[in-house]
Amino acid sequence: MKELIIISGKGGTGKTSLIAAFASLAENKVLCDADVDAADLHLIMDPEVRKRHDFQSGNTAVIDQDKCTECGVCLDLCRWNAISNDFEVNPIECEGCGVCVHFCPEKAIDFPENTCGEWYISDTRFGPMVHARLGIAEENSGKLVSLVRQEARKLAEEKNLALILSDGPPGVGCPVIASIGGATAVLIVTEPTVSGKHDMERVVQLADHFKVPAMICVNKFDLNIELTRDIENFAKEKGLSCLGRIPFDPIFIKAMIRAQTIFEYNTESKVGQAIKEIWKGLADQLEL
(Lines give C-alpha, C1' and ligand atoms only; values in the text may rest on other atoms or scores of the structure.)
Protein backbone atom coordinates (compact mmCIF):
# COMPACT_ATOMS: atom_id res chain seq x y z
CA MET A 1 0.00 0.00 0.00
CA LYS A 2 1.30 3.45 -0.93
CA GLU A 3 0.44 6.71 0.85
CA LEU A 4 0.88 10.01 -1.01
CA ILE A 5 0.49 13.25 0.94
CA ILE A 6 -0.11 16.52 -0.93
CA ILE A 7 1.29 19.40 1.12
CA SER A 8 2.38 23.01 0.68
CA GLY A 9 4.47 25.49 2.58
CA LYS A 10 1.61 27.99 2.67
CA GLY A 11 -2.12 28.00 2.19
CA GLY A 12 -3.80 28.80 -1.11
CA THR A 13 -1.37 27.05 -3.46
CA GLY A 14 -4.10 24.82 -4.94
CA LYS A 15 -3.33 21.47 -3.30
CA THR A 16 -6.99 20.63 -2.58
CA SER A 17 -8.04 21.27 -6.17
CA LEU A 18 -5.06 19.23 -7.31
CA ILE A 19 -5.82 16.22 -5.12
CA ALA A 20 -9.46 16.36 -6.24
CA ALA A 21 -8.19 16.13 -9.81
CA PHE A 22 -5.94 13.21 -8.88
CA ALA A 23 -8.95 11.51 -7.30
CA SER A 24 -10.62 11.35 -10.71
CA LEU A 25 -7.47 9.87 -12.28
CA ALA A 26 -6.37 7.37 -9.64
CA GLU A 27 -7.80 3.89 -9.19
CA ASN A 28 -8.07 1.62 -6.14
CA LYS A 29 -7.59 4.42 -3.64
CA VAL A 30 -8.88 5.87 -0.39
CA LEU A 31 -9.18 9.65 -0.10
CA CYS A 32 -8.08 11.27 3.13
CA ASP A 33 -8.44 14.90 4.19
CA ALA A 34 -5.73 15.37 6.80
CA ASP A 35 -6.08 19.17 6.87
CA VAL A 36 -8.38 18.97 9.89
CA ASP A 37 -7.97 22.61 10.96
CA ALA A 38 -9.45 23.83 7.68
CA ALA A 39 -10.90 20.77 5.95
CA ASP A 40 -12.29 21.59 2.51
CA LEU A 41 -11.87 18.51 0.29
CA HIS A 42 -15.47 17.59 1.13
CA LEU A 43 -16.65 20.73 -0.67
CA ILE A 44 -15.62 19.16 -3.98
CA MET A 45 -16.14 15.47 -3.12
CA ASP A 46 -19.68 15.94 -1.70
CA PRO A 47 -19.31 12.90 0.59
CA GLU A 48 -22.19 10.81 1.91
CA VAL A 49 -21.32 10.10 5.55
CA ARG A 50 -21.59 6.41 6.49
CA LYS A 51 -19.97 6.53 9.94
CA ARG A 52 -19.61 9.44 12.32
CA HIS A 53 -17.45 9.44 15.47
CA ASP A 54 -16.62 11.98 18.16
CA PHE A 55 -12.99 13.00 18.51
CA GLN A 56 -12.00 13.26 22.14
CA SER A 57 -8.71 14.65 23.37
CA GLY A 58 -7.44 16.61 26.34
CA ASN A 59 -9.18 17.14 29.68
CA THR A 60 -10.79 19.99 31.61
CA ALA A 61 -11.12 20.08 35.39
CA VAL A 62 -14.60 20.33 36.92
CA ILE A 63 -15.08 20.87 40.68
CA ASP A 64 -17.84 18.90 42.37
CA GLN A 65 -19.38 21.47 44.70
CA ASP A 66 -20.96 18.78 46.88
CA LYS A 67 -17.55 17.30 47.72
CA CYS A 68 -15.49 20.50 47.76
CA THR A 69 -14.52 21.81 51.24
CA GLU A 70 -13.01 25.02 49.80
CA CYS A 71 -9.62 24.23 51.34
CA GLY A 72 -7.87 26.36 48.70
CA VAL A 73 -5.23 23.83 47.62
CA CYS A 74 -6.34 24.00 44.00
CA LEU A 75 -6.31 27.80 44.06
CA ASP A 76 -2.71 27.82 45.27
CA LEU A 77 -1.51 25.21 42.77
CA CYS A 78 -3.22 26.40 39.57
CA ARG A 79 -0.59 28.43 37.71
CA TRP A 80 -3.15 29.34 35.03
CA ASN A 81 -5.50 31.12 37.47
CA ALA A 82 -8.33 29.06 36.01
CA ILE A 83 -10.12 28.56 39.36
CA SER A 84 -12.22 31.37 40.79
CA ASN A 85 -12.60 32.29 44.46
CA ASP A 86 -15.99 30.58 44.26
CA PHE A 87 -14.16 27.36 43.36
CA GLU A 88 -15.41 27.13 39.81
CA VAL A 89 -13.16 26.25 36.88
CA ASN A 90 -13.08 28.50 33.84
CA PRO A 91 -12.94 25.97 30.96
CA ILE A 92 -11.26 28.48 28.66
CA GLU A 93 -8.44 29.21 31.11
CA CYS A 94 -7.96 25.57 32.18
CA GLU A 95 -4.98 24.00 30.40
CA GLY A 96 -5.87 20.46 31.45
CA CYS A 97 -2.61 19.85 33.33
CA GLY A 98 -4.37 17.84 36.06
CA VAL A 99 -2.38 19.23 39.02
CA CYS A 100 -5.52 20.25 40.91
CA VAL A 101 -7.05 16.81 40.30
CA HIS A 102 -3.99 15.00 41.63
CA PHE A 103 -3.52 17.08 44.80
CA CYS A 104 -7.15 17.68 45.84
CA PRO A 105 -7.37 16.11 49.33
CA GLU A 106 -11.12 15.46 49.00
CA LYS A 107 -10.94 14.06 45.44
CA ALA A 108 -13.58 16.62 44.58
CA ILE A 109 -12.36 17.46 41.08
CA ASP A 110 -13.46 15.49 38.02
CA PHE A 111 -11.32 15.42 34.90
CA PRO A 112 -13.54 14.50 31.92
CA GLU A 113 -12.13 14.16 28.42
CA ASN A 114 -13.03 16.92 25.98
CA THR A 115 -14.98 16.33 22.78
CA CYS A 116 -12.99 18.41 20.28
CA GLY A 117 -14.58 17.51 16.96
CA GLU A 118 -15.79 14.68 14.73
CA TRP A 119 -14.31 12.32 12.17
CA TYR A 120 -16.13 10.53 9.37
CA ILE A 121 -15.96 7.64 6.96
CA SER A 122 -17.84 8.55 3.79
CA ASP A 123 -18.58 7.48 0.25
CA THR A 124 -17.84 9.77 -2.69
CA ARG A 125 -18.23 9.44 -6.44
CA PHE A 126 -14.49 8.67 -6.54
CA GLY A 127 -14.41 6.09 -3.76
CA PRO A 128 -14.24 6.01 0.05
CA MET A 129 -13.02 8.99 2.02
CA VAL A 130 -11.91 9.60 5.61
CA HIS A 131 -12.17 13.16 6.86
CA ALA A 132 -12.73 15.18 10.02
CA ARG A 133 -13.81 18.48 11.49
CA LEU A 134 -11.98 20.01 14.43
CA GLY A 135 -14.05 22.25 16.71
CA ILE A 136 -13.55 26.01 16.71
CA ALA A 137 -10.41 27.01 18.65
CA GLU A 138 -9.80 23.40 19.70
CA GLU A 139 -6.32 21.95 20.10
CA ASN A 140 -4.72 18.56 19.42
CA SER A 141 -5.11 18.81 15.65
CA GLY A 142 -1.96 16.70 15.23
CA LYS A 143 -3.61 13.87 17.15
CA LEU A 144 -6.70 14.10 14.93
CA VAL A 145 -4.52 14.04 11.80
CA SER A 146 -2.88 10.84 13.04
CA LEU A 147 -6.29 9.32 13.75
CA VAL A 148 -7.62 10.18 10.30
CA ARG A 149 -4.55 8.67 8.63
CA GLN A 150 -4.82 5.55 10.75
CA GLU A 151 -8.48 5.07 9.82
CA ALA A 152 -7.70 5.64 6.13
CA ARG A 153 -5.07 2.90 6.30
CA LYS A 154 -7.52 0.52 8.00
CA LEU A 155 -10.11 1.23 5.33
CA ALA A 156 -7.59 0.65 2.53
CA GLU A 157 -6.59 -2.67 4.08
CA GLU A 158 -10.22 -3.77 4.50
CA LYS A 159 -11.04 -2.98 0.88
CA ASN A 160 -7.67 -4.16 -0.48
CA LEU A 161 -6.93 -0.77 -2.04
CA ALA A 162 -3.42 0.09 -3.18
CA LEU A 163 -3.25 3.86 -2.58
CA ILE A 164 -4.10 6.46 0.05
CA LEU A 165 -4.38 9.98 -1.38
CA SER A 166 -4.17 12.55 1.42
CA ASP A 167 -4.77 16.29 1.38
CA GLY A 168 -2.29 17.48 3.97
CA PRO A 169 -2.20 20.74 5.94
CA PRO A 170 -0.06 23.73 4.92
CA GLY A 171 3.00 24.97 6.78
CA VAL A 172 5.57 23.09 8.88
CA GLY A 173 3.80 22.78 12.24
CA CYS A 174 2.52 19.86 14.29
CA PRO A 175 -0.34 18.91 11.90
CA VAL A 176 2.09 18.70 8.97
CA ILE A 177 4.53 16.58 10.97
CA ALA A 178 1.65 14.27 11.93
CA SER A 179 0.54 14.04 8.30
CA ILE A 180 3.85 13.04 6.67
CA GLY A 181 5.50 10.71 9.17
CA GLY A 182 5.79 7.24 7.66
CA ALA A 183 4.27 8.27 4.32
CA THR A 184 5.51 6.76 1.07
CA ALA A 185 6.10 10.19 -0.47
CA VAL A 186 4.95 13.80 -0.41
CA LEU A 187 4.13 16.08 -3.31
CA ILE A 188 4.86 19.71 -2.45
CA VAL A 189 2.67 22.17 -4.34
CA THR A 190 4.23 25.61 -4.60
CA GLU A 191 3.70 28.81 -6.53
CA PRO A 192 6.19 31.25 -8.07
CA THR A 193 6.16 33.95 -5.39
CA VAL A 194 8.83 34.93 -2.89
CA SER A 195 6.78 33.59 0.02
CA GLY A 196 5.83 30.47 -1.94
CA LYS A 197 9.45 29.60 -2.65
CA HIS A 198 10.60 30.36 0.90
CA ASP A 199 7.88 28.23 2.49
CA MET A 200 8.49 25.41 0.01
CA GLU A 201 12.13 25.30 1.09
CA ARG A 202 11.05 24.91 4.72
CA VAL A 203 8.74 21.99 3.83
CA VAL A 204 11.55 20.34 1.87
CA GLN A 205 13.75 20.56 4.98
CA LEU A 206 10.94 19.04 7.06
CA ALA A 207 10.42 16.13 4.66
CA ASP A 208 14.17 15.53 4.55
CA HIS A 209 14.35 15.50 8.35
CA PHE A 210 11.72 12.75 8.52
CA LYS A 211 13.27 10.85 5.60
CA VAL A 212 10.13 11.11 3.45
CA PRO A 213 10.83 11.33 -0.32
CA ALA A 214 9.59 14.64 -1.71
CA MET A 215 8.55 15.78 -5.16
CA ILE A 216 7.61 19.26 -6.35
CA CYS A 217 5.17 20.81 -8.80
CA VAL A 218 4.66 24.51 -9.54
CA ASN A 219 1.12 25.82 -9.77
CA LYS A 220 0.39 29.07 -11.67
CA PHE A 221 3.93 28.87 -13.03
CA ASP A 222 3.35 31.45 -15.77
CA LEU A 223 2.74 34.27 -13.28
CA ASN A 224 6.51 34.51 -12.74
CA ILE A 225 8.70 32.46 -15.06
CA GLU A 226 11.93 33.59 -13.39
CA LEU A 227 10.84 32.39 -9.94
CA THR A 228 9.56 29.17 -11.46
CA ARG A 229 13.06 28.52 -12.83
CA ASP A 230 14.53 29.33 -9.40
CA ILE A 231 12.22 26.77 -7.79
CA GLU A 232 13.11 24.13 -10.37
CA ASN A 233 16.84 24.85 -9.93
CA PHE A 234 16.44 24.49 -6.17
CA ALA A 235 14.74 21.13 -6.68
CA LYS A 236 17.56 20.01 -8.97
CA GLU A 237 20.21 21.05 -6.42
CA LYS A 238 18.42 19.06 -3.71
CA GLY A 239 17.99 16.01 -5.95
CA LEU A 240 14.20 16.32 -5.96
CA SER A 241 11.92 15.41 -8.85
CA CYS A 242 10.11 18.44 -10.28
CA LEU A 243 7.09 16.78 -11.87
CA GLY A 244 5.71 19.67 -13.86
CA ARG A 245 4.18 23.08 -14.23
CA ILE A 246 0.50 24.01 -14.03
CA PRO A 247 -0.53 27.21 -15.84
CA PHE A 248 -2.73 29.83 -14.23
CA ASP A 249 -6.35 29.47 -15.33
CA PRO A 250 -9.59 30.73 -13.72
CA ILE A 251 -11.11 27.39 -14.71
CA PHE A 252 -9.90 26.05 -11.37
CA ILE A 253 -12.15 28.53 -9.55
CA LYS A 254 -15.10 27.86 -11.85
CA ALA A 255 -14.82 24.13 -11.25
CA MET A 256 -14.55 24.66 -7.49
CA ILE A 257 -17.68 26.83 -7.44
CA ARG A 258 -19.60 23.97 -9.05
CA ALA A 259 -18.09 21.43 -6.62
CA GLN A 260 -16.41 19.66 -9.54
CA THR A 261 -12.92 18.50 -10.35
CA ILE A 262 -11.08 20.16 -13.21
CA PHE A 263 -11.81 17.15 -15.42
CA GLU A 264 -15.52 17.13 -14.65
CA TYR A 265 -15.76 20.80 -15.56
CA ASN A 266 -13.61 20.70 -18.73
CA THR A 267 -11.95 17.57 -20.07
CA GLU A 268 -9.75 19.31 -22.65
CA SER A 269 -8.19 22.26 -20.79
CA LYS A 270 -4.45 22.95 -20.78
CA VAL A 271 -4.57 22.81 -16.99
CA GLY A 272 -6.05 19.33 -17.17
CA GLN A 273 -3.36 18.14 -19.56
CA ALA A 274 -0.64 19.48 -17.25
CA ILE A 275 -2.19 17.68 -14.27
CA LYS A 276 -2.39 14.42 -16.23
CA GLU A 277 1.35 14.66 -16.93
CA ILE A 278 2.06 15.30 -13.25
CA TRP A 279 -0.09 12.32 -12.26
CA LYS A 280 1.74 10.15 -14.77
CA GLY A 281 5.03 11.18 -13.17
CA LEU A 282 3.66 10.43 -9.71
CA ALA A 283 2.42 7.01 -10.78
CA ASP A 284 5.89 6.20 -12.18
CA GLN A 285 7.61 7.38 -9.00
CA LEU A 286 5.25 5.40 -6.75
CA GLU A 287 5.22 2.39 -9.10
CA LEU A 288 1.42 2.34 -9.19
When the residues of region 224-258 are narrowed to those that are surrounded by fewer than 14 Cβ atoms within 10 Å (Cβ to Cβ) and among the hydrophobic types (A, V, I, L, M, F, W, C), which ends up nearest to His198 (Cα to Cα)? Ile225
Given the conditions (1) among the acidic types (Asp, Glu); (2) farther than 20 Å from Leu165 by Cα; (3) in a helix (DSSP H, G or I), report the number of the one that Asp249 does not fulfil. (3)
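Report yes if some residue within region 71-78 is over 25 Å from Glu139 (Cα atoms), of a type in the set (A, V, I, L, M, F, W, C), in contact (Cβ under 8 Å) with a residue 24 or more places away in the chain and not assigned by TED's automatic domain parsing to the domain that holds Glu138; otherwise report no.
Residues of region 71-78 over 25 Å from Glu139 (Cα atoms): 71-73, 76.
Within this subset, residues satisfying the condition of being of a type in the set (A, V, I, L, M, F, W, C) are 71, 73.
In the following step, the residues that additionally are in contact (Cβ under 8 Å) with a residue 24 or more places away in the chain were identified as 71, 73.
Applying the additional criterion that residues be not assigned by TED's automatic domain parsing to the domain that holds Glu138 yields 71, 73.
Within region 71-78, one or more residues are over 25 Å from Glu139 (Cα atoms), of a type in the set (A, V, I, L, M, F, W, C), in contact (Cβ under 8 Å) with a residue 24 or more places away in the chain and not assigned by TED's automatic domain parsing to the domain that holds Glu138.
Conditions tested, residue by residue: (1) over 23 Å from Leu31 (Cα atoms); (2) in a strand (DSSP E or B).
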| site | (1), (2) |
| --- | --- |
| Glu158 | no, no |
| Pro169 | no, yes |
| Ile177 | no, no |
| Ser195 | yes, no |
| Ala207 | no, no |
| Ile216 | no, yes |
Within region 57-69, is there a residue that is surrounded by 15 or more Cβ atoms within 10 Å (Cβ to Cβ), in contact with a Gly (Cβ under 7 Å, 6 or more places away or on another chain) and not in a loop (DSSP other than H, G, I, E, B)? yes
Odd one out for Val148, checked against (1) buried (at least 20 other Cβ atoms within 10 Å of the Cβ); (2) closer than 28 Å to Arg245 by Cβ: (2)
What residue, of Ala26, Ala20, Ala39, is touching a Ser or Thr at 6+ places or on another chain (Cβ under 6 Å) and either assigned by TED's automatic domain parsing to the domain that holds Asp167 or under 29 Å from Pro169 (Cα atoms) (or both)? Ala20
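Considering only residues that are of a type in the set (A, V, I, L, M, F, W, C) and surrounded by fewer than 20 Cβ atoms within 10 Å (Cβ to Cβ), look in region 40-56 and name the one that is nearest to Ile109 (Cα to Cα).
Among residues in region 40-56 that are of a type in the set (A, V, I, L, M, F, W, C) and surrounded by fewer than 20 Cβ atoms within 10 Å (Cβ to Cβ), the one nearest to Ile109 (Cα to Cα) is Val49.
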Going through region 231-246 one residue at a time, which ones are in a helix (DSSP H, G or I) and under 15 Å from Val189 (Cα atoms)? Ile231, Glu232, Phe234, Ala235
So how many residues does region 261-288 have that are charged (D, E, K, R), without any contact (Cβ under 8 Å) to a residue 60 or more places away in the chain, part of a helix (DSSP H, G or I) and farther than 16 Å from Val218 by Cα? 1
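Please state which one of Leu18, Leu4, Leu75 is assigned to a strand (DSSP E or B) and surrounded by 14 or more Cβ atoms within 10 Å (Cβ to Cβ). Outline the logic, then answer.
On the way: Leu18 fails: assigned to a strand (DSSP E or B); Leu75 fails: assigned to a strand (DSSP E or B).
Only one candidate passes the filter, namely Leu4.
Does Cys116 satisfy being touching a strand residue (DSSP E or B) at 6+ places or on another chain (Cβ under 6 Å), surrounded by 13 or more Cβ atoms within 10 Å (Cβ to Cβ) and assigned to a strand (DSSP E or B)?
Considered against the rule, which asks whether it is touching a strand residue (DSSP E or B) at 6+ places or on another chain (Cβ under 6 Å), surrounded by 13 or more Cβ atoms within 10 Å (Cβ to Cβ) and assigned to a strand (DSSP E or B), Cys116 comes out as yes.
Here's the yes/no breakdown for (1) under 30 Å from Arg258 (Cα atoms); (2) part of a helix (DSSP H, G or I); (3) free of Cβ contacts under 8 Å to residues at least 12 places away in the same chain:
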site: Arg50; (1), (2), (3): yes, no, no
site: Tyr120; (1), (2), (3): yes, no, no
site: Arg133; (1), (2), (3): yes, no, no
site: Gly142; (1), (2), (3): no, yes, no
site: Ala152; (1), (2), (3): yes, yes, no
What's the number of the only condition in (1) under 28 Å from Lys29 (Cα atoms); (2) without any contact (Cβ under 8 Å) to a residue 24 or more places away in the chain that Asn90 fails to meet? (1)
Can you find even one residue in region 216-226 that is on the phi < 0 side of the Ramachandran plot and in contact with a Phe, Trp or Tyr (Cβ under 6 Å, 6 or more places away or on another chain)? yes
Would you call Glu106 among the acidic types (Asp, Glu), farther than 23 Å from Gly9 by Cβ and in the same structural domain as Pro247 (by TED's automatic domain parsing)? no
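The values are calculated or read from the model by the stated rules, or taken from the named source; none is laboratory data. The model shown is predicted, which means the values in this text are computed figures rather than measured ones. Every residue, glycine as well, gets a Cβ built from its backbone with ideal geometry; the counts of neighbours run over all protein chains shown.
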